[in-house]
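Just so it is clear, none of the values below were taken in a lab; they were calculated from the coordinates. For clarity, every value in this text was computed on a predicted model and none was experimentally measured. Because the Cβ atoms are built from the backbone with ideal geometry, glycine has one as well, and the counts that use them run over all protein chains shown.
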Amino acid sequence: MRPTLRQFRTGVRKHRNQPMICPLRHRHKSKAEVKRCGELWALLGAGVIKYFVYEPHVVLADVSYKPDFFVVYKDRTEAFEEIKSPHTDKAGGRWAVIQTLWRKHAQHPLRVIHCKRGVLREDRTICPDPK
Ligand SMILES: [Zn+2]
């Protein structure tokens, strides 16, 4: 049976710090991810997107990275998505390295979506440098 948007909104969390299981049986890391997954599910139902994948595996140079989603639109454009809180987006470390590697080595845009007080909003798109 097709899951409903309501089911995405009430994603199951068994314990604190445990992943949240969405109606599509993904093990999400946050409520924001579950919410975005529900939005993508609605876009799929509306025919805007062809399909989407949760946590696709990407290798940038020799660094392994799993963005949150890979989305293929009806018009065949493709993009990856990373859901961040504005706070964790500012933190450097591995995420800073990934962004640099993305510009250098990736083939598709990476959309950075911020979640602030439960509201999702695209912050920016990291585009690969022209090869
Ligand atoms: Zn999901």
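Counting Lys and Arg as +1 and Asp and Glu as -1 over every other residue whose Cβ lies under 11 Å from the Cβ of residue 124, the net charge comes to -1.
The Cβ shell under 12 Å around residue 78 holds other residues with a net charge of +2, Lys and Arg each +1, Asp and Glu each -1.
Compute the Cα gyration tensor for the chain, then decide on rounded, prolate or oblate, letting a ≥ b ≥ c be the square roots of its eigenvalues: rounded whenever a/c is under 1.5, prolate when a/b is larger than b/c in the other cases, and oblate in all that remain. Oblate, because a/c is 1.5 or more while a/b does not exceed b/c. Is there a pair in 31/90; 29/90; 31/66; 90/116; 31/74; 29/66 whose C-alpha atoms are over 23 Å apart, and which pairs would that be? Cα-Cα > 23 Å for 31/74; rest within. Applying the Karplus relation 6.51 cos²θ - 1.76 cosθ + 1.60 with θ = phi - 60° to region 94-108 yields 3J(HN,Hα) values of 4, 4, 5, 5, 4, 4, 5, 5, 4, 4, 6, 10, 6, 10, 10 Hz, where x marks Gly and Pro. Short-range pairs are left out: with C-alpha atoms under 8 Å and at least six residues apart, the relative contact order of region 30-102 is 23 percent. Its DSSP H runs of at least 4 residues, each contributing -39,500 (n - 2.57), put the calculated 222 nm mean residue ellipticity of the chain at -8500 deg cm²/dmol, to the nearest 500.
The H on the amide N of residue 106, modeled in the peptide plane, is under 5 Å from the matching H of no residue at least 5 residues off or on a different chain. Once both axes come from the Cα atoms, what is the angle between helix 31-45 and the longest principal axis of the chain, in degrees from 0 to 90, rounded to 10? For helix 31-45, the angle is close to 80 degrees. A cut-off under 10 angstrom between Cβ atoms defines the neighbours of residue 9, and their net charge, with Lys, Arg +1 and Asp, Glu -1, is +3.
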